[in-house]
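Sending over a structure as structure tokens; questions will come in a sec.
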Amino acid sequence: MRRVHAGGPTGLLGIGAGGGLWALSLAGQAPRRLASELDPASRIATGHGRIAARTARGGLWVWENGRASTLASAQLALHAGLLVLPLAVLAVANEGSGNGVGARQRVARFESEQGSKWREVSRSQEAVLPDARPVQVDLDGRGDGGHIAVLAGPDDRRYAHGVLGDGIEATRLLWLERHGLQALRSLTLPAPHVFEDIEPRPVQVQVQVQVQVPEARGAAGLLTVRSGPEGGQLALVTADPAQPQGLRLAALGDTVGGFHRWLAPTTQGRHLVAVHTPHIGGVLHVYRLEVQRLSRHRLMADVSTHAIGSRETDLAAWVRDRLVLPSQDGRLLRVLDPAADWAELFTVDLPGRATMTAALEDGSGVAVLLADGQVVLVGT
């Protein structure tokens, strides 16, 4: 296998090196092929009874109610993410030839008639990262499911690092209306900073609200990485109460410590965690929001949730509120319990190096993809 994903008819999906999509059994039964000629370099998305994927030629492939359909003309961007909504599939589509800054990728919304004949119905005006991964988040707290956050403003000159697979970094964060994909809120970073990330992570945080008496209220935010001359730092972005169309940097952590030093965030929506320098030592830290600052506490070394040059930015998995993450060499899984002061409960030796993880939806454990293509199940 080249990719694993929790979901689908059996609870676990895999894409093989040849582009075959397989429903993998959690009970030791034979896998079932669902599709062929898909792109193993791009993510699968599931939800609302559907599976969405990119074909090897850039088309949109959707499986629903046991039936598959393809929109060959979709021109989906290589490496980008998809997002399944109740009535649509969102994807990143090319507007020019090829991938990169010149191709001008946009977020596109696709809808179907009774699960067949998918068509594009709207497209964002703003260019997004070529490998952007849109997420849905309710930043305004309206309880309507929220809208679409995506990293945008691609720039290939401001911060030449390339730790995430290419030299293109985001300078903007957009919150797009989920139907028409027009910008509701946005944040633009001034030079020399960038968002050195491809997928913002929705979190619930306590933010200070200025009313007659200042008070803290729960709100949704986005966890990402801001990088600049002093390296990367954890960043929390929220809706700006002072600007109806603005987002703000609500809090920042200290920089990791040096130009081109990076950190890999992970969260299940409540705990704010990051692995500092995952390629050179890998030290796990937990963060806490303190007014406009993210303070950090060191937990342990010898961990890594990212391989340099990879677009898989988070090899950690959260299972029943436990954090599961690989060791620095990827051959050991560590299982930590936040409720027990982040104690390491146990470790699991792997028969190879972990390259991807997927927390099983039933909470029984995690599927681990190894470098040689094996998939192993680990109970937690």
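The values are calculated or read from the model by the stated rules, or taken from the named source; none is laboratory data. Because the structure is predicted, anything quoted here is derived from the model rather than measured. Note that we place each Cβ from the backbone using ideal geometry, even for glycine, and neighbour counts take in every protein chain shown.
Restricting to the stretch 189-213, give me the number of residues that are at pLDDT 95 or above and either buried (at least 17 other Cβ atoms within 10 Å of the Cβ) or not assigned by TED's automatic domain parsing to the domain that holds His161 (or both).
Matching residues across the stretch 189-213 total 12.
So that you can scan it fast, the table gives a plain yes or no per residue for (1) touching a Cys at 6+ places or on another chain (Cβ under 8 Å); (2) within 27 Å of Thr188 (Cα to Cα); (3) outside any strand (DSSP E or B):
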site: Ala53; (1), (2), (3): no, no, no
site: Val62; (1), (2), (3): no, no, no
site: Ala68; (1), (2), (3): no, no, no
site: Leu83; (1), (2), (3): no, yes, no
site: Val89; (1), (2), (3): no, yes, no
site: Glu95; (1), (2), (3): no, yes, yes
site: Val107; (1), (2), (3): no, yes, no
site: Glu111; (1), (2), (3): no, no, no
site: Ser122; (1), (2), (3): no, yes, no
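Would you confirm whether any residue within the stretch 27-42 is in contact with a Lys or Arg (Cβ under 7 Å, 6 or more places away or on another chain) and at positive phi?
no
Next up: Can you work out which of the residues in the stretch 111-144 that are over 22 Å from Ala93 (Cβ atoms) and free of Cβ contacts under 8 Å to residues at least 24 places away in the same chain is farthest from the chain's Cα centre (by Cα)?
Gln114
Going by the conditions given, is Arg142 modelled with pLDDT of 95 or more, among the basic types (Lys, Arg) and in a loop (DSSP other than H, G, I, E, B)?
Taking the combined requirement at face value, the residue does not satisfy it.
Limited to the stretch 38-52, what total is found for residues that are in contact with a strand residue (DSSP E or B) (Cβ under 6 Å, 6 or more places away or on another chain), more than 14 Å from Trp63 (Cα to Cα) and not hydroxyl-bearing (Ser, Thr, Tyr)?
Matching residues across the stretch 38-52 total 2.
Residue check, Ala274 against (1) surrounded by 22 or more Cβ atoms within 10 Å (Cβ to Cβ); (2) in contact (Cβ under 8 Å) with a residue 60 or more places away in the chain, all met but one. Which one?
Here Ala274 clears every test but (2).
Thr347 - would you say it is among the polar types (S, T, N, Q) and at pLDDT below 95?
Considered against the rule, which asks whether it is among the polar types (S, T, N, Q) and at pLDDT below 95, Thr347 comes out as no.
Just a yes or no: is a residue in the stretch 57-77 more than 27 Å from Val137 (Cα to Cα) and within 22 Å of the chain's Cα centre (by Cα)?
no
Next question, about the same structure. Which residue out of Thr357, Thr380 is at pLDDT below 95 and of a type in the set (Val, Ile, Thr)?
Thr380
Here is a yes/no grid of residues against (1) over 24 Å from Arg178 (Cβ atoms); (2) touching a Ser or Thr at 6+ places or on another chain (Cβ under 7 Å); (3) polar (S, T, N, Q):
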{"site": "Arg57", "(1), (2), (3)": "yes, no, no"}
{"site": "Gln75", "(1), (2), (3)": "no, no, yes"}
{"site": "Gly81", "(1), (2), (3)": "no, no, no"}
{"site": "Ser124", "(1), (2), (3)": "no, no, yes"}
{"site": "Gly146", "(1), (2), (3)": "no, no, no"}
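With respect to Thr46, determine if the residue is hydroxyl-bearing (Ser, Thr, Tyr) and either within 20 Å of the chain's Cα centre (by Cα) or under 20 Å from Ser116 (Cβ atoms) (or both).
For Thr46, the condition - hydroxyl-bearing (Ser, Thr, Tyr) and either within 20 Å of the chain's Cα centre (by Cα) or under 20 Å from Ser116 (Cβ atoms) (or both) - is met.
Does the stretch 364-380 hold any residues that are part of a loop (DSSP other than H, G, I, E, B), on the phi < 0 side of the Ramachandran plot and touching a residue at least 60 places away in the same chain (Cβ under 8 Å), and which are they?
Ser364, Gln374, Thr380
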